[in-house]
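Okay, structure first, notes after.
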Amino acid sequence: MKHTLASALALSAALGLSALTVSISLMAQTSVPEIPFDSNADLFKMPQNTFLGEVAGVATNSKGNIFVYTRTGHAYATLGDSRTFYHAGSRLFEFSANGSFVRELGQDLYGFNAAQGLRVDPQDNIWTIDIGANQIVKFDPNGNVQLVLGRKPEAIGVRPAAPRGAPAESPAPGTPAGAGAARGARGAAPNTQGGAPGAALPEVPGAARGGRGAGAGTPGSAFSRPTDVAWDRSGNIFIADGIGNNNRIAKFDKDGKFLKSWGQTGAENGQFSGVRSMATDAQGNLYVADSGNKRIQVFDGEGNFKSQIADIGVPQAICISRGATQYLYSAHSGDPDGMIDATIYKIGLDGKVLGKFGSAGKLLKQFGLVNSIDCRSENELLVGEMTNWRVQKLTLRPGK
Amino acid sequence: MKSLLSVLLLIVAGCMILASPGAPAVLTVAAQGRATATNVPIIPHESAPNFFRLPAGVYTGENMGIATNSKGHIFIFHRSGETRLYEYDEKGVFVKEIGRGNYGFAFAHSVRVDAQDNIWAVDEGTNMIIKFNPEGTKILMTIGRRPDPLAQTANMPGNGGATYANKPYEFGRPTDVAFDARGNIFVSDGYDDARVAKYDKDGRFVKSAGTRGNGQGQLNTPHTIAADAAGNIYIGDRGNARVQVWDNDLNFKAAYTNVGNPWAVCVSGGAHQYLYVSNSWPDSAPAGSVDFTGEIYKMELDGKIIGKFGTAGKALGQFATTHQMDCRNPDVIFTAEINNWRSQKITLKPQAIKAAAQ
């Protein structure tokens, strides 16, 4: 604790007030029991010169195979008539349960730009969520595209270049005035990278037609930075939409026909401030990680508010286990770097916090912005991290 | 004194050229300064011709970073069609490529090998420091974060600029990395930030120091960094035409102001460590500075100049633009050059030192 406090104090100089707030919230949560666990961060055997980047989504199918949707490789732009087109930037890999590489799916897919999430449905279909293309893509177990929700913006927005003082390798960088202007512009830029609890998220670049302004409850599949997908038992599809302007949940039938949506920007029940993750339980209730409001809201399948779960930090990724007694895991990241304040909570579906495990950092059993959890088995979790470019396989030992 | 004046005049001229209307006058340097040290002995040197051998059809572009491991293998981080990292054996024969296409490679800047032979790549295009295992097959750690690809699309065609007001885990075009004997990590950061950031061996932020300026402990493009066995760090404060020496807690200790604009610094291995500093010919190879840049200084750690070698140019044994050096063996210097698209293995003959013909 002393060490934590000292580092928090040291960091407060660099981070300002936020670090101080973090250290206080750390102390408030010490009553939750720690669940002992082990981790394997070296599970995957990658082919030569193939690397995981930021792991946005990880999930298993019923055979235990592991799918990873990751920001890796390089996004690139091509210059068209008067427009600039955006390609690549993310890849989808399949591994066997023991970590050997099986194959890559969706190579050069049109909408694989900025991975945000991945889920496998009960029929072993693979669903990817892409925050750059504003799309959800469903692959069958063989890797064929079955359903596409949302449309990728045709071109990306381009704004005039700000003047810079000097070329890249000249002995001096740009003038502070030029850099300052650029800093201001970038400072207001959106953050899709996790962390930054409650941060304001402006319009998606180049996707101005994707939403209709804050909290407008956009109909249909005009997503604004969607983050997750879930299903009820009859196969209806729920989309968490998302961390752009929509702040809503959209419901589609199993064939992708729009049924309804609910929610808008705000802090009341049924309102959201950044929907980062979502999961359904066996009864068809929907658990929505409302990260900016630091809570998980629970709805029935028609969008009626039932309850909320608080005191679990800033929920960034959630998962509901299978089996007779289901549990909710929620990954908390309280700082934008995943280096100060992070843990994963184990929660009963009644909202009772049962335990927590892990902390922020780069070592084994530490977490750098968890963006995805797979919890097919209650005590065997796969955790995908953004800043640490890896998946950890966690084995919980709650009996100890 | 006269030469100092001319440097100042050059600097002022640089300010006038570069400063946009309304910009506050801050020290900027338009062209490489002339080193003020005089009567420096010349160290005879030889460059091994065609030392690095690539398979047919494989090329390197701008050679930005070079480093050796304990087995003598050489790693070159370069800007080719992509940014790529190649490994060569001790004879200069290509062994393999490392990290191709990974999320952190976009615009090479530097590569270093730590005491355990892990390979560290510094990329100023993604703002990332990437640690590979000694075999280069796995990424063991990353520090920094590639800017959000979506935010970057709004910044097309490329002038995204920097947001990073010295954030603990984000860099503004970082330039280099160094390690002390305890495994602490020092990042020179960079073109947009003007500081050195210190991390412990587990990648946890310890502190950072430095602001933009030309005062004591201030930096103007910290471009290169190295640590000695005692844990002092040597920062090539390129824009200010000086090497700064800071202690392990990032407190200012000394500045060496007589060896031009340091593009690359290197602290040698061995019981007696030396400091090498390159007053590189700038990357646009300007004719105006060809006669007084390009040389590399060999110094004692306390700043005493032992000698220098090399001149600006494109011939074997000349340098354009030395961007990084390896000096594990103080008499065998590897140089990576931007303009010449090559690296050289330089053998020094310090025992045959010649008096400078000043």
Tell me the total accessible area that B and A bury against each other, 1.4 angstrom probe, in square angstrom rounded to 100.
5500
For B:314-320, A:70-76, ranked highest to lowest by mean beta-carbon neighbours within 10 Å, the order is A:70-76, B:314-320
Full-stretch length increase - A:LEU363, A:SER377 - with 0.36 nm per residue and alpha-carbon distance subtracted:
2.6 nm
Taking N as its residue count, the alpha carbon Rg of the range A:316-400 over 2.2 N^0.38 Å
1.02
Mind checking the per residue accessible area of the range A:211-317 for me, 1.4 Å probe, whole number of Å²?
34
Straight distance only, please: which lysines reach the Cα of B:LYS253 with their own Cα at less than 30 Å, same-chain residues fewer than 8 apart left out?
B:LYS2, B:LYS131, B:LYS167, B:LYS198, B:LYS201, B:LYS207, B:LYS298, B:LYS304, B:LYS308
Average beta carbon contacts from partner chains per residue of B:136-149, 10 Å cutoff
6
Could you please report the charge total around A:ASP300, scoring K, R as +1 and D, E as -1 over all other residues with beta-carbon less than 12 angstrom from its beta-carbon?
-1
Largest first and in whole Å, give the semi-axes of chain B's equivalent ellipsoid, each being the square root of 5 times a Cα gyration tensor eigenvalue.
27, 26, 20
Name the lysines eligible as straight-distance cross-link partners of A:LYS45: C-alpha to C-alpha under 17 Å, and not fewer than 8 places from it in the same chain.
A:LYS393, B:LYS138
What ranking do B:233-242, A:57-66, B:256-265 get when scored by the average of other Cβ atoms within 10 Å per residue, highest first?
B:233-242, B:256-265, A:57-66
State the percentage of accessible surface on the range B:242-340 attributable to carbon and sulfur atoms; use a 1.4 Å probe and exclude ligands, DNA and RNA.
50
Highest average packing first - A:356-364, B:90-98, Cβ atoms within 10 Å
A:356-364, B:90-98
Which percent of the accessible area of the range B:55-202 is formed by carbon and sulfur heavy atoms (probe 1.4 angstrom)?
51
Which percent of the accessible heavy-atom area of the range A:258-350 goes to carbon and sulfur, probe 1.4 angstrom?
41
Going Cα to Cα from A:LYS152, which lysines come in below 20 Å? Please leave out same-chain ones fewer than 8 positions away.
A:LYS138, A:LYS251, A:LYS257
Just tell me how shielded A:67-80 is by partners: mean number of partner chain Cβ atoms within 10 Å of each residue's Cβ, no decimals.
3
Which order do B:HIS78, B:HIS272 take when ranked by solvent-accessible area (1.4 Å probe, heavy atoms of all protein chains), largest first?
B:HIS272, B:HIS78
Peptide B:200-213, shielding by other chains (average Cβ, 10 Å cutoff)
3
Difference of contour (0.36 nm per residue) and Cα-Cα distance, A:VAL102 to A:ARG233:
44.2 nm
Scalar couplings 3J(HN,Hα) for the range B:43-57 by Karplus 6.51 cos²θ - 1.76 cosθ + 1.60 (θ = phi - 60°), nearest whole Hz, x for Gly and Pro, are 9, x, 9, 10, 10, 6, x, 6, 5, 8, 10, 9, x, 4, x
Measuring from label point to label point, each 7 Å out along Cα→Cβ, what is the A:LYS306 to B:SER80 span in nm?
5.7
Rounded to the nearest whole Å², what accessible area per residue is found for chain B with the 1.4 Å probe?
36
Within-15-Å neighbourhood charge of B:HIS73 [Cβ basis; K, R +1; D, E -1]:
-1
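The values are calculated or read from the model by the stated rules, or taken from the named source; none is laboratory data. What you see is a predicted model, and the numbers here were worked out from it, not measured in a lab. Ideal geometry is used to build each Cβ from the backbone, glycine not excepted, and the neighbour counts take in all protein chains shown. For accessibility, only protein heavy atoms count, side chains too; no ligands or nucleic acids. Shrake-Rupley method; radii C 1.70, N 1.55, O 1.52, S 1.80 Å.
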